[in-house]
Each structure stands twice: as C-alpha cells, then as structure tokens.
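These notes concern the structure reproduced below.
We did not get these values from a lab; they are worked out from the coordinates using the rules stated. All values reported here derive from a predicted model rather than from experimental measurement. Here Cβ is always computed from backbone atoms with ideal geometry, including for glycine, and neighbour counts include all displayed protein chains.
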Amino acid sequence: MKSLKLIGLALGASFALSASAFAQDITIAVAGPMTGSESAFGRQMKNGAEQAVADINAAGGVLGKKLALEADDDACDPKQARSIAEKIGSSKIPFVAGHFCSSSSIPASEAYADANVLQITPASTNPLFTERKLWNVARVCGRDDQQGLVAADYIMKSFKGKNVAILNDKTTYGKGLADETKKALNKAGFQEKMFESYNKGDKDFNSIVSRLKRDNIDLVYVGGYHQEAGLILRQMRDQGLQTVLMAGDAMNDKEFASITGPAAEGTLFTFGPDPRNKPTAKAIVEKFKAKNIDPEGYTLYTYAAMQVWTQAVAKAGTTDAKKVMETIKAGDWDTVLGKMGFDAKGDIKAIDYVVYKWDAKGNYTEINPKGS
Amino acid sequence: MDYFAQQLINGLVLGSIYGLIAIGYTMVYGIVGMINFAHGDIFMIGGFIALISFLVLVSLGLTAIPLILLIVLLVSMAITALYGWTIERIAYRPLRHSFRLAPMLSAIGMSFVLTNFSQVSQGARVKPVPPIITGGYTLHEGAQGFAVQLSNIQIMVVLATIVVLALFTWLVSRTRLGRDMRACEQDQTMAALLGVDVDRTISMTFVIGAALAAVAGMMYLLYYGLVDFFMGFVAGIKAFTAAVLGGIGSLPGAMLGGLAIGLIETFWSAYFSVEYKDVAAFSILIVVLIFMPTGLLGRPEVEKV
C-alpha cells in the first residue's frame, strides 16, 4: 500500500514536472552526429549545448522562461538529418544549433526554413550553406573557401617545389574543402601531383598509400573526416612512408590520436584560433574542466551559437525565427569566442584560420599564432 | 615492378581477410543451403570480443604481446563460436523444415539484432586500439627510392589465414566430423539414416564458421586498428560476394573469391581510380557469373529428387 502511494506520488510529481515544462520552458535543439563515425563531434556539440543551457538558465533564462534542450542524432546522414529537421519543425522548436556535417546541415536547412526554425551551425564549413539565400541560416564557424586559402598559403610556404597530393572523401564537406584548397593552390601557380577521391567509411587505404609512395608525395592534403584520415596516416607509416598529412577542421578531436597512436606526430590541420585560449572563454573552460570535459573542437562554438540566439531573443523580445534572425544580423554579440557580428548571408564577419600541429603525446597546438 | 609487388601484397592481405569471412558463408550454404546473412555481424562481434579481451588482459597487467595475442585469439574464438551456436539454435533450427526463404529472413533479422545489440551495449562510437604489432621488413629498395614494404601485421594476417585454412581443410577431409559434414551436404535424410547426428553436425558447422569469423575479426582489429558496430555490413557483403564469385559451397572457392575481390579492388585503385573500385569488383563479379553461373570453382547443382 505504501509503495503504491509512493508510485502515485512519483507519478503525480512527474506529471507536474512535465506539465510545467510544457507551459514554461522554451525547448531548443542541438542536432549532430550523436552516433556513427563522427560521434566524437556530436559529443562536443552536446557538451557545449548542455553547458550553455545550464548557464543561461542559471542566469535567469530568456524572456522570463527557462530553456530546455533536446539532442537529436543525424549520424551525419543527409536523409536522417532531413527527417530530424522535419521532426524539429513540427514540434515548434524555434532554434536549432546544428548540424555538424555540411552534407547534413544543407538539406536540413531547407526543412527548417519551411517550418520557421532558425538554424545556427557551429561547425558546417561548406560555403554553400550560407550561399543559397536562405533567410534562416547562420554559422559561428568559418568557411572552407577561407580555410582552403589558409591551407594553400601554408603549403606554398612550407612545401614549395615539393610533391603534394590532394584526396577527398566525396562528401559535401570533404570534396568542398579539397576543391577550395586545390583552387587556391592552382591560383598561386602550384600544381598538385595527384587529385583522388576515396569512399567515406573505407578502412583499407593501402593501395592509395602505395600510389603516394610511388609518386614520392611529400604532403598529402585530405579533405575528409578524422577516421579515414587517421587510417590513411596509420597505413602510410606501416608502409614506411613519412609523408606529412594535412587536413581541415574535422581533425580537432583527440580521437584522431587514439586511432593513429604516436604516428599523429607532425600532422597538420586548419581550424580557428584555439577557442579555449580566448580570454572570454576562461571562466567557461574552467567549468568544463571541473566536469572533466575538455572543451575542444566545436564545444565552445556550440556554446557560442546558443549565446547568440539567446541574446538576440532577449533583444527582439520574441522567439519568432524571422525577427530573431533580423536582430542577429543587425547586432554584435558577446560570446565565449569574443565579439561576433554577422553579414547578410549569415557568415561571421571576422574569420581567421590558423594551422595546428599534432605532437607525439596526442595533443595539438597552433604553429603560427596570430592572436584572435 | 616494385610498385606492382607492393600492390600485390596489399591485395593479398585484404583478400585474405575477405576470404576468411567468406568461408563461413560458403560452409553454411554447402550444408544447410541457406545464406547466413548474420555472418558479417558475427565477424563484427568477433572483433569486439577480441578488443574487449585485449583490454581486459592489458588492464590485468599482462605485457607479453605474443601471450596476449594467443589468449585473445582463443577467447574470441570461443565466445564468438558460442554466439554462432546460439543463433543457429534459436533462429535457424526451428525453421529448418519450413519454406526455403524462412531461415534467410530469420538471418536478416538476426543481423539487425546483432548490430543493434552491439550498438546499444558497446556504444555507437568507433573503438580504436593503438598499433599493437608494429615494424616490418623492406623487401626491395627500388631505383627511385620506392621500397617494397611488408609489415609484420601483414605477415601475421596471411599466416593466420594459411594456418586456419589448412586446419580447416584437414578437419573436413580427415576427421569424423568432416565426414559427417560432407554426408549432410550430400543428403541429410540418408546421413541421418546411417547414424549421423544431423542437428549436431549443423550446429558444429555454425560453431566453426563463427570461430573463423572471430579470427577474421581479430585480424581486422589488429590490421586496421579499429572496430565499430556497423563494420559487419560492408565486410559481410564483400565476403558474400567473394563466396559467390568463388562458387558458393566450395571451400577453396571462397578463399579464391576473397583473394580475387581483394586483388581487383587493390589493382583497380592502383592503376585506375579509387572512386570506382567497388564498381570494378562488382562488374567483374557479374561478368564471371554470366560465363560461369556457378562461380569459379562451384559445381553445377544437381537437382535433388
């Protein structure tokens, strides 16, 4: 009898909770690859979003309401991203921070536009994302045409006259980045020796590695994600090839080093100046550290996306996506990454990429710090 | 020439792994006449068990690599074999005398069960291991500085394949169990009448197939350095193709098919484009099947009356 009462009490309490959640909270979403080979990045995004929501709620929420967070998994699959976008749209969620893979963000954004959802991606760098004149998209990260420029610049400086191969994984992100880097290199009068693509999800790259070896490649630039890049690197070293590997921003998770082991040493990649080192991020980084989370890669970018939206909502006095987006593009926002302003397309105004290098201990550091 | 030799090594190693998995498909088909679509996932389970037992041994403080590898091999073979036995017992045996497609559907279902089981129990993330077997030999230093490299792990994969294949051929052709298996392959009713325990023989077939898949899983883990819950699908499809190419039901055929697929993929990527390596492999499969409908080493099926 007593236990029955307890159950009744618990049930009542949970109903009350969910009812209050329904009436009071604003539900927002974070969407990204929570499973699959890119799940390391989904985890970064979820960590960032959860911390941001907790901090915003602790500071009193927005418009007098608390925020509730929903995490959705697209597994970096365009079809799944689209169906998640439709689900988010139909549940009247006004804002989504996502997705990770450009090939997910782009198809999802159209569904968000139809359903009046504002989308800020913390991580999708393909230029096309903001180039389609959609009203509802913005990003807090850079673009691959800028990233490619920085990569090409570095290659021109450090690998002039050497043999360079460019590989890509045929995804929107990987192919896009490889194309931009190739374009920038060719414009500077540099001709790559090999331009090839592979299938994302492949495990055996020995054949391509032998080709690199035959052509005496000194630097291989990979437009792709960290798992395949890690396997390429590992198989290069197994075949006794000391070629340097360079890639884009999809390498900024420690998981890369756990795939390659000590072979990661010397690997290069481009990414924004380390957000963890920004003075504006200090207090928040401490909070993550206290929870034993390293806020690497896109963690703080997701945090910043949440901040931009919350501040714009407070200023606009509504969660209506169209009005909030107008507000976002009109103002400057204080984020964990510093002051941030957006142009008419939804790209951030000040973008800079720097080159990072992995060391033998499985850490990466900037090699040409320019400050933020 | 050196380049060709290097690609040949790459292709043979990849083909060995395909072949090891393909044997499991071909064996079950030969005896029960069904395609065990869950076999790719058994291979994945084998990889996971190898990983888990490896981590357990290391955390127990064992440092002797050969000893660790031996224990890992035995443990993963044993536990994966148990999986194979259980699956046959609960998903295939009750349907054996049902219509022909029933066990196949049940196998597809089992494949989903195993994939989702490991996704839920092990998490959806890729599980990497640092390189365990490192080093290798330079076989030949070419004129333009191209060195043909053979790594220790590649030697190990090929050796393991040869040993397993030899053991298995001996088992089928020389032992009592092998004789029972061949009898069941020819005529189950007649075999039963002559005192062969058909149920037990079929169970043992699944057990052996799963143990071989575990060897492949462990080699895969050591060679590529990672496992994930969906790796069974692609590997399974490739191995199934290898089994069909070699002539399904034929043991040397499966190995030959595996090597063929591995070599085609590798040489296509080596001399043409990497993008179309799967297209190349499957096109050749179609061509072979047009001219040799039973595969490279398959026997034409005699209609049983």
Subject >> Calculated from backbone phi, Karplus (6.51, -1.76, 1.60) coupling profile of region A:203-218 in Hz, x at Gly/Pro >> reply: 10, 9, 10, 4, 5, 5, 5, 5, 5, 4, 5, 4, 8, 6, 6, 8
Original post:
Where is the GNM fluctuation largest for chain A (alpha-carbon springs, 10 angstrom cutoff): A:Ala344, A:Ala283, A:Ala321?
Top reply: A:Ala283
Original post:
Quick one: B:Met255, B:Met204, A:Met236, fewest Cβ neighbours within 10 Å first, how do they rank?
Top reply: B:Met204, A:Met236, B:Met255
Subject >> Rounded to 5, the percent of DSSP beta bridges in the protein assembly as shown classed as antiparallel >> reply: 40
Subject >> With at most 12 neighbouring Cβ atoms within 10 Å, loop trypsin sites (Lys or Arg not before Pro) (DSSP) excluded, longest segment of chain B >> reply: B:101-303
Original post:
HN-Hα J couplings of region A:291-307 from phi, Karplus 6.51/-1.76/1.60, θ = phi - 60°, integer Hz, Gly and Pro as x?
Top reply: 8, 6, 10, 8, x, 8, x, 9, 4, 6, 5, 5, 4, 5, 4, 4, 5
**OP:** Please determine, in degrees from 0 to 90 and to the nearest 10, the orientation of helix A:102-114 with respect to the longest principal axis defined by the Cα atoms of chain A, where the helix direction is its Cα long axis.
**Re:** 30
Subject >> Low-density loop cleavage sites - trypsin sites (Lys or Arg not before Pro) in region A:247-310, where at most 13 other Cβ are within 10 Å (DSSP) >> reply: A:Lys291
Original post:
Using a Gaussian network model of chain A with C-alpha springs under 10 Å, which one of A:Leu337, A:Leu219, A:Leu63 is most mobile by mean-square fluctuation?
Top reply: A:Leu63
Original post:
How far, in nm, would the chain grow between B:Gln119 and B:Ser59 when pulled straight, counting 0.36 nm per residue and subtracting the alpha carbon separation?
Top reply: 19.3 nm
**OP:** Would you pull out the residues with amide H under 5 Å of A:Thr335's amide H, same chain only if 5 or more places away, H placed 1.01 Å from N?
**Re:** A:Met340
Original post:
Build a GNM of chain B with springs between Cα atoms under 10 Å: which of B:Tyr83, B:Tyr92, B:Tyr271 gets the top mean-square fluctuation?
Top reply: B:Tyr271
**OP:** Using just the helices of chain A, give the 222 nm mean residue ellipticity in deg cm²/dmol: DSSP H runs with n ≥ 4 each add -39,500 (n - 2.57), and the total is spread over all residues, rounded to 500.
**Re:** -14500 deg cm²/dmol
**OP:** Per residue of B:262-271, count partner chain C-beta atoms within 10 Å of its C-beta, then hand back the mean as an integer.
**Re:** 3
Original post:
Expressed as an acute angle from 0 to 90° and rounded to the nearest 10, what is the orientation of the C-alpha long axis of helix B:152-174 relative to the principal long axis of chain B?
Top reply: 20
Subject >> Whether region B:1-158 is rounded, prolate or oblate, judged on the alpha carbon gyration tensor where a/c under 1.5 counts as rounded >> reply: oblate
Original post:
So how tilted is helix A:78-90 from the main axis of chain A? Cα-based, degrees 0 to 90, rounded to 10.
Top reply: 20
**OP:** Starting from the amide H of A:Val354, placed 1.01 Å from N in the peptide plane, find each other amide H under 5 Å away whose residue is 5 or more places distant or on another chain.
**Re:** A:Phe271, A:Gly272
**OP:** Just need the relative contact order of chain B here, percent rounded to a whole number, with Cα pairs under 8 Å and 6+ apart.
**Re:** 36
Original post:
Which longest uninterrupted range of chain B lacks any GluC sites (Glu not before Pro) assigned by DSSP to a loop state (not H, G, I, E or B) and surrounded by at most 16 other Cβ atoms within 10 Å?
Top reply: B:1-300
Original post:
If you take the square roots of the eigenvalues of the alpha-carbon gyration tensor of region B:79-118 and sort them as a ≥ b ≥ c, do you get rounded (a/c under 1.5), prolate (a/b over b/c) or oblate?
Top reply: oblate
Subject >> Difference of contour (0.36 nm per residue) and Cα-Cα distance, A:Lys162 to A:Asn116 >> reply: 11.5 nm
**OP:** For A:Leu118, enumerate residues with amide H under 5 Å from its amide H, sequence gap 5+ or separate chain, H modeled in the peptide plane.
**Re:** A:Phe95, A:Val96
**OP:** Could you pull out every one of the lysines with an alpha carbon less than 20 Å from that of B:Lys238, ignoring same-chain neighbours closer than 8 positions?
**Re:** A:Lys200, A:Lys203, B:Lys277
Subject >> Per-residue mean of C-beta atoms belonging to partner chains within 10 Å, peptide A:234-246 >> reply: 4
**OP:** Using the Karplus curve 6.51 cos²θ - 1.76 cosθ + 1.60 with θ = phi - 60°, work out ³J(HN,Hα) for each residue of region A:139-147 in order, rounded to whole Hz, and write x for Gly and Pro.
**Re:** 9, 9, 10, x, 10, 5, 5, 7, 4
